[in-house]
1. How tilted is helix 2-11 with respect to the longest principal axis of the chain? Cα atoms for both, answer in degrees (0 to 90, nearest 10).
2. Please say if segment 260-316 is rounded, prolate or oblate, where rounded means a/c under 1.5 for a ≥ b ≥ c the square roots of the C-alpha gyration tensor eigenvalues, and otherwise the choice is prolate for a/b larger than b/c and oblate otherwise?
3. Quick check on the chain: helices-only [θ] at 222 nm, where DSSP H runs of length 4 and up contribute -39,500 (n - 2.57) each and the sum goes over total residues. Nearest 500, please.
4. Working from Cα positions, state the angle (0 to 90°, nearest 10) between the long axis of helix 176-189 and the longest principal axis of the chain.
5. Which shape class applies to the chain: rounded if a/c is under 1.5, otherwise prolate when a/b exceeds b/c and oblate if not, where a ≥ b ≥ c are the square roots of the Cα gyration tensor eigenvalues?
6. So how do K211, K200 line up by other beta-carbon neighbours within 10 Å, fewest first?
7. Using modelled amide H (1.01 Å from N, peptide plane; none on Pro or chain starts), what sits under 5 Å from the amide H of L106, excluding residues fewer than 5 places away?
8. Evaluate the charge dipole of the chain about its Cα centre and quote only its size in Debye, nearest 20, assuming +1 on the Cβ of each Lys and Arg and -1 on the Cβ of each Asp and Glu.
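Read-outs throughout are calculated quantities, based only on the coordinates presented, and are distinct from any laboratory measurement. These numbers were taken from a predicted model, which means no experiment stands behind them. With ideal geometry, Cβ positions are generated from the backbone for all residues, glycine too; neighbour counts draw on all protein chains shown.
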Amino acid sequence: MTCIVYIQDAMGWKVGFGVPVVLMILSTLSFFLASPIYVKPKAKASWLIGFARVLVASFRKRRIELSSPDTDELYHHRKGSALVVPSERIRFLNKACVVKNPEEDLMPDGRASDPWRLCTVDQVEELKALIKIIPIWSTGMLVSVNVCQNSFLLLQASTMNRHITSKFEIPAGSFYAFMLLSLTMWIALYDRVIIPLASKITGKPTRLGLKQKIGIGILGSAASMAVLAIIERVRRETAIREGISDIPDAVTHMSAMWLLPFYFLLGFSEAMNGVGLNEFFYTELPKSMSSVASNLYSIGLSAASLVASFIVGNVRGFISEANQESWVSSNINKGHYDYYYWLLSSLGVANFIYYLACSKAYGPCKGGQKGITGDVREGLIDDDDDDDVV
């Protein structure tokens, strides 16, 4: 990425955009050329279809009465599955796997005669597990909003002195690499230095819990935006003092290296929150939903881009109604990007409070225990598509 940014700065946008095109063509060719040696498992039913079936089946059976937990009920489940009885949380969904009339609901081989009317216990519990983690997943979106500020950070860095020596200047777009370096550094330090040192001091194995990691990451993200707001305030005052506030692309004498504390703090928050969320998803979701777990963080990052656009749009609209210069003006020296960063920092603090409430409501993490949340380690769910009944 740093090399491409340098090419764009040194050789212009045509060459700068042409290089990624060539690289993508080469990667596409490599993908197809290696296709014969790929392991290609047989495709199974989409988990989205499975979730839809549970919702439809529950709605179609909305009028049936569920028995009390102490009463024996006939439930449909996969052959060989350890899950034969659904949990009591979100009991309405349990109606989807209740067998009321075996002769009508089941075929001779034990499969459901209508999968949109009768689902397995596994399908019901998978949907419940996803619903349960959504509140904590949503807290990661606002953290990712801070990562989506690249355009503003690029504008900010381009108006600062980026020279390391008299002849070498760091491209403004390359500063994001410092966040990636910080992310890598903190992950390595946590596993290789901090944890062994803490275990040595306490005399027993010591490790941060998943929820602690996520919470620390949220606070670190809020703190990083506060640091960025302070840096921007100093940069703006420097531009005004130097008499270049009316020139949007003017460069101040303030060194862009002052942005490094922000990038290192943002990398730390991503190392804690991003890694913590991914571990949380893999631990708390069943093994059969590993593909869902691997994509949840990326989905949150995509949603964060929309949230970031929504925040910027509302900030611009609100300030315009007040007949004032927009906080995120095209002239960074006339705007108040520091106010915008303080807003994001405040939202981060509010997000941390929201996370504490979600964490308390979620209860303890059950990773490693047997059941729907532990089968990621125990391998309890059978991938066999055949169904059976007890």
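1. 40 degrees
2. Note, shape of segment 260-316 comes out oblate.
3. Numbers: 13 runs with 226 residues, N = 390.
Theoretical 222 nm ellipticity from helices: -19500 deg cm²/dmol.
4. 60 degrees
5. Prolate, because a/c is 1.5 or more and a/b exceeds b/c.
6. On the way: K211 19, K200 10.
So the ranking, lowest neighbour count to highest, is K200, K211.
7. Long-range HN contacts for L106: S113.
8. 640 debye
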